[in-house]
Amino acid sequence: MEQSTLTILALYALFGIALATLWLRHQSVLKQREQMQIRLGDLQGNLASTSNRLDLLSRGVDTILGETPEVHELLSVHKSLESAELLLFEQDVTISSSESCAIATHAAKSILSNYQSDSETKGRENILPGIIPLVLRLDAILTEAEMKSEDLELNGDEQRCLGELFHEAGKSVRAADFYRRAHTLSPEGSSVLYSLASIQRDEGDFDTLDRTLERLLAIDPDDIEVLKEQVILLSGSDDIRFNRNSRRLEALGVDFTISENQTNLNNIAGRASDVQSAINPHLKEPSTSEGWVAKSAKLLLLGEIVVALESVEKALYLDPVNPEAWLLKAKLLAAGDDRTKEALQSIRRASALGEYTVLLESEILENDGKLDSARAVLEEWLETNPSDAEARGRLSLVLFRAGAIDWASRVLQEAPPEAWDNASLHVMEGRLHLLAADEHRDRTGNHDHIILLDATISFDLAIEKDRESGLAWLGRSRALRYQGSPKEAEIALVRARRLIPNHPSISLEEAHLCLETGKLDQANALVSEASTNLQNHPSIPFIRGMIAAKQGRFIESQTFFSKVLSIQTNHIRARLNRCSAALLANDLVTALDDANYLVEHAPELNLARQRRSEILMNLGDWEAAEIELRTLLSREPEHIMALVHLGTCMIAMNKAEQAEKPLNDAIRYDPNHSDAWYQRGLLYLDFGRIDEARSDFEAAAKYDSKHIDARLRIAAILHEGDDPNAAIIAWRKVLDIDPEHRLARRRLQESSERQEILKVRRYPKD
């Protein structure tokens, strides 16, 4: 009994403890809930406060954007840069070089849209607050993408403006790159040279500063400040130019002596020394022949021929049997004036010491005008080294430049199979195909696409052998341009420019490409760039003539084509284009002379006979024009313009009954030819077949919306009719083409008055 009582009591005790534990836990939960409710209330209060602050901030941002819209523009720049970064670096899709350049160009232009600067003044006052960080982002993009100024599709002013922004952002190397590109595109301006000089001055780049100052003096020989600074730089180093500048200052009435500016000189020299020390604290002259050769080679790359020659002489003093030094000396001597004989002597010393010299020797001889000697050197070498692809390609090129095209081709055909593993032979083969294509175009006006395909295959094989062959990419670009593939041509040209940036034909080819795609301003800038290295190349005035013709400056274009012909008398395209320009300028004497020359020297060129028939028609010699046209049609019965012109001749000679057939044939062969419809409309008008005439004039206007003569004829027919409203519509269409057309304005007024009279008659006033 006692035991059971104790058991029951123990159970009650345990139950009580359990209840107490549950109560305590309940109280703890209640307390935690209370604390959470307090914290939730605090959070709600904070959230409400934050919301109010965000709303206030939003209204503030809206106010700022409303009062300073330029800030909004910077946000769009930020988005453009962010998009460029994503497209270039943060996606897995491979994009072409051309696309990369286009993306970077768009990002650059987004920045430039918020920066305006006059080329004659400093534009720093126009720099918006906040734009510099964006410029630094652009610099990072260009650095990561390994792009330079020339990779961006920007004009000279745009390049200059970006240079100013990079300069302000402290990116002097990048700024100098853009300044140099701006000067290349717009060499007549001096502002970028002043900016370049300031960078070079700040960095202590003594030699480069001197060259920049010399360029400034070439633009303005009487620039006093430039003269003063160069006098300081030249003191004790170049007596000739020092005396020149001193005399100029004296002539300008400027009293200037070095002693007065010794402090400035010391500062400039000190900065130069500091910069050199920063670059190389242990800078000293080489102690070995190999060191002097390396220094000379670097100076050659910088264009410092005289100093480089001094360095290579020191190399030979230390080691008279250094073959690399003799070869380098030959290159340096060849780069100078009238030192070909010395260069060849150095070549022979290098050859005797085992150096490979045949290519350089042939190049020196060719540059000296000794083509036969250059050819002999290469041929002699190939007799014992037939597999030397570089020498064989060089021999083919020498023959190519000499006009011995068959021999140039034969040299390639005789190459052993193993030589074709070299890209140079494929490049040369492609160039020969392009020449054949050019010759074919000169005679017919069209390219032979089979020949162009062969050229493309040759350049592709060259690229397969050597993807770093800039000449192969350049040739491929030209072949693709000839085939009417400008986008692919541009991609190949971008590769070529990166591989051989200083090749004189790069800018020329790019100018051709811009000309064909209608980018006339860019083409003009590029041809100016090309002219610095290709002064007597016929393509320079040819492109300028084409630009002038496309812009309607026909007299000026004649001058350019005449210059082409002074360089290359048998340039068929130049003579044909001069003939066309003279015809459009109403210089019928010159036009006829050129047409006669073309018919005589390129009798198979149908376009020449067409031009001669057009000139004869303008001279009123309809019978001679008819003979020319019938000769042309005997060769090409479906020649549309010949058929149209023949119809015109028949009408002019009062042989209207003979005009309908050629005009009908022209329309049958080409239903979209507006002039054919127009001429037949004139014929039907003479026949009194008014409705048919109007129908043909409407067809002419349909296929050529700017055909004002057709519109005038339609309006004239309707003007004589009973529907003044239709006449009003017709006259307005004439004025849409030529708003200043007096006859159309007068006839429109007459038709409007007729319409008002008819309204009064139909609806008389009560």
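Taking N as the number of residues in segment 422-516, what is its alpha-carbon radius of gyration divided by 2.2 N^0.38 Å?
Relative to the 2.2 N^0.38 Å estimate, segment 422-516 comes out at 0.99.
Once phi is turned into ³J(HN,Hα) by the Karplus curve 6.51 cos²θ - 1.76 cosθ + 1.60 with θ = phi - 60°, what whole-Hz value does each residue of segment 618-631 show in order, with x for glycine and proline?
Each residue's phi maps through the Karplus curve to give 5, 7, x, 8, 5, 5, 5, 5, 4, 4, 4, 5, 5, 5 Hz.
Go through 730-742, 288-300, 605-617 and give me the packing order, highest mean Cβ count within 10 Å leading.
Taking the mean over residues of other Cβ atoms within 10 Å, the ranking is 605-617, 288-300, 730-742.
Kirkwood hydrodynamic radius of segment 524-623 from all distinct Cα pairs, in Å?
Kirkwood hydrodynamic radius for segment 524-623: 13.8 Å.
Which value does Rg/Rh take for segment 620-699 over its C-alpha atoms, Rh per Kirkwood?
Rg divided by Rh gives 0.97.
Would you mind computing, in nm to one decimal, how far apart the modelled labels at Ser83 and Asn155 are, each placed 7 Å from Cα along Cα→Cβ?
For the pair Ser83/Asn155, the computed spacing is 2.3 nm.
Take Asp738 and Asn618, extend 7 Å from each Cα along the Cα→Cβ direction, and tell me the distance between the two endpoints in nm.
Going by the 7 Å Cα→Cβ label model, 1.8 nm.
With the cut-off at 19 Å, tell me which of the pairs Lys148/Lys465; Lys109/Lys148; Lys148/Lys295; Lys295/Lys331 have Cα atoms farther apart than that.
With Cα atoms farther than 19 Å apart: Lys148/Lys465; Lys148/Lys295.
Mean separation of Cα pairs under 8 Å and 6+ residues apart, divided by the residue count of segment 620-699: what relative contact order is that in percent?
Once divided by the residue count of segment 620-699, the mean separation gives 22 percent.
Among 564-576, 153-165, 210-222, how do they line up by average Cβ neighbours within 10 Å per residue, starting with the highest?
Going from most to least packed, we get 153-165, 564-576, 210-222.
For segment 705-766, what is the convex hull volume of its Cα atoms per residue in Å³?
73
No value in this document is a laboratory result; all are computed from the given coordinates. Computed from a predicted structure; not experimentally measured. Every residue, glycine as well, gets a Cβ built from its backbone with ideal geometry; the counts of neighbours run over all protein chains shown.
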